[in-house]
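Colleague: Here you go, one structure.
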Amino acid sequence: MLDKVHNLKLIVTLSTGFDHIDLKECKKRKITVCNVPHYGENTVAEHTFALILNLTRMIHKAYERTIRGDFSLDGLRGIDLQGKTIGVVGAGSIGQHVIRIAKGFEMKVIAFDKFKNPALAKRFGFKYASLDYLFKNSDIITVHVPYNKSTHHSIDQSSISKMKKGVLIINTARGGIIATSALLEGLQSSKIGGAGLDVLEG
């Protein structure tokens, strides 16, 4: 793509993530790359909760059943978010909005982040934890980290095996953070109770 565009001086991506741009090659060619660090913080956080509520209240299942003319209630009993533990992987700009909304639902919040902010944790009333602890103790796990070598397949067969049976997994970040085959296996075995995905690997 870069070879096709001559005299290119600037690339602007209308997203927070820039993993789809070859930064090394751009640097070599002296092309400036800009992103939008605070893009859609609240929007993505609200969408995260739309996916959570869809799963916990069986909204899509009920919708699909209703349009077929089936009004039975079997298997459509939902669960309350109040008192449930949400594990937020990445407590940056978007993760902080997710935490704020979760506290509004009176959820318990644990978060994993490389860069801890004790003042923030005190203000929002959540605890930082290791990824292992988060995987083992969360009813719902939601992902809000950038995609890179260290986050590639952070959620895989090994991490899923540590999770509670029936855990809900939400991904509005990048598809490659979750190993798709492990996710499918977890759903098929009912280890994972549901997945709300805004992104897919590849």
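The values are calculated or read from the model by the stated rules, or taken from the named source; none is laboratory data. Computed from a predicted structure; not experimentally measured. All Cβ positions, even for glycine, are placed from backbone atoms using ideal geometry, and neighbour counts span all protein chains on display. All accessible areas refer to the heavy atoms of the entire protein, side chains included, with ligands and DNA or RNA removed. Shrake-Rupley method; radii C 1.70, N 1.55, O 1.52, S 1.80 Å.
Colleague: Looking at the chain as a GNM with Cα springs under 10 Å, which of I21, I67, I141 has the largest mean-square fluctuation?
Modeller: Comparing I21, I67, I141 in a Gaussian network model of the chain, the most mobile one is I67.
Colleague: Identify which of G90, G125, G175 has the largest mean-square fluctuation in a Gaussian network model of the chain, with springs joining Cα atoms closer than 10 Å.
Modeller: Per the Cα network of the chain with a 10 Å cutoff, G125 tops the list.
Colleague: Now a separate question. Counting Lys +1, Arg +1, Asp -1, Glu -1, what net charge surrounds G83 among other residues with beta carbon under 13 Å of its beta carbon?
Modeller: So the surrounding residues net to 0.
Colleague: Would you grab the residues whose amide H sits under 5 Å from the one on Y128? Only those 5+ places off in sequence or on another chain, please, with H modelled 1.01 Å from N.
Modeller: A111
Colleague: Continuing with the same structure: Give the calculated FRET efficiency between D74 and N137 to the nearest 0.05, with a Förster radius of 22 Å applied to their Cβ-Cβ distance.
Modeller: 0.10
Colleague: Under the rule of at least 5 residues apart or a separate chain, name every residue whose amide H is placed under 5 Å from the amide H of L8.
Modeller: HN-HN under 5 Å from L8: empty list.
Colleague: Averaged per residue, what accessible surface does the stretch 1-131 expose to a 1.4 Å probe, in Å²?
Modeller: Accessible area per residue: 67 Å².
Colleague: Rank L10, G75, A50 by how far each Cα sits towards the positive end of the charge dipole of the stretch 1-89 (+1 on Lys, Arg Cβ; -1 on Asp, Glu Cβ) and give me just the farthest.
Modeller: L10
Colleague: In a GNM of the chain with a 10 Å cut-off on Cα contacts, which of H97, H20, H47 has the highest mean-square fluctuation?
Modeller: Comparing H97, H20, H47 in the GNM, the peak value goes to H20.
Colleague: Follow-up question, since we're still on this one. Skipping prolines and chain starts, which residues have an amide H placed within reach, meaning under 5 Å, of the one on V33, given they are 5 or more residues away or on another chain?
Modeller: I11
Colleague: Nearest 20 debye, what's the magnitude of the dipole of the chain about its Cα centre given +1 on Lys and Arg Cβ and -1 on Asp and Glu Cβ?
Modeller: 620 debye
Colleague: Moving on to the next point. How high is the FRET efficiency between T32 and S130 when r is their beta carbon distance and R₀ equals 25 Å, given to the nearest 0.05?
Modeller: Between T32 and S130 the formula returns 0.10.
Colleague: Could you give the length gained by full extension between K24 and E64, i.e. 0.36 nm per residue of separation minus their alpha carbon distance, to one decimal place?
Modeller: 9.7 nm
Colleague: Taking all protein chains in place and a 1.4 Å probe, what share, in percent, of the accessible surface of the chain do carbon and sulfur account for?
Modeller: 56 percent
Colleague: Also: For D139, what charge total do you get from the other residues with a beta carbon under 13 Å from its beta carbon, if Lys and Arg give +1 and Asp and Glu give -1?
Modeller: In short, +4.
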